[in-house]
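First the structure, in the form of structure tokens, and then the observations on it.
Nothing in this text is a laboratory measurement; each read-out follows from the coordinates by a stated rule. Predicted model, so just to flag it, every value in this text is computed and none were measured.
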Amino acid sequence: MTLPKVPVPDAVAVLIGRQMPERVARAEREAVNQAYNVGLCRKPEYAEAREWALADLARANKVLGAYNPGLIVTPKAVTR
């Protein structure tokens, strides 16, 4: 049995975010943005841009993984 997803109110999200160090919150934003960018760079002519985005994603994941391994972002996990 799976539970339905329940939206988190903005005030609760802010409180959760305040408990996290600034460098981790910054790395989380960077990881989500770069994972989205990797998804945009699917064609062969965008290979260099994809490699830059993957490098930035790996750098952000290094910070996230050191804080909490459950926060690591993969390119397939992000959809907008």
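For the Cα atoms of the chain, what angle does the longest principal axis make with the long axis of helix 47-67, in degrees from 0 to 90, nearest 10?
Tilt of helix 47-67: around 30 degrees.
What are the ³J(HN,Hα) couplings of the range 12-23, residue after residue, when phi is run through the Karplus curve with 6.51, -1.76, 1.60 and θ = phi - 60°? Round to Hz, x for glycine and proline.
Using θ = phi - 60°, the values come out as 5, 4, 5, 4, 5, x, 6, 7, 8, x, 4, 5 Hz.
Mean separation of Cα pairs under 8 Å and 6+ residues apart, divided by the residue count of the chain: what relative contact order is that in percent?
Here the relative contact order equals 34 percent.
Give, in whole angstrom and from largest to smallest, the semi-axes √(5λ) of the equivalent ellipsoid of the chain, with λ running over the eigenvalues of the Cα gyration tensor.
They are 26, 17, 11 Å, listed from largest to smallest.
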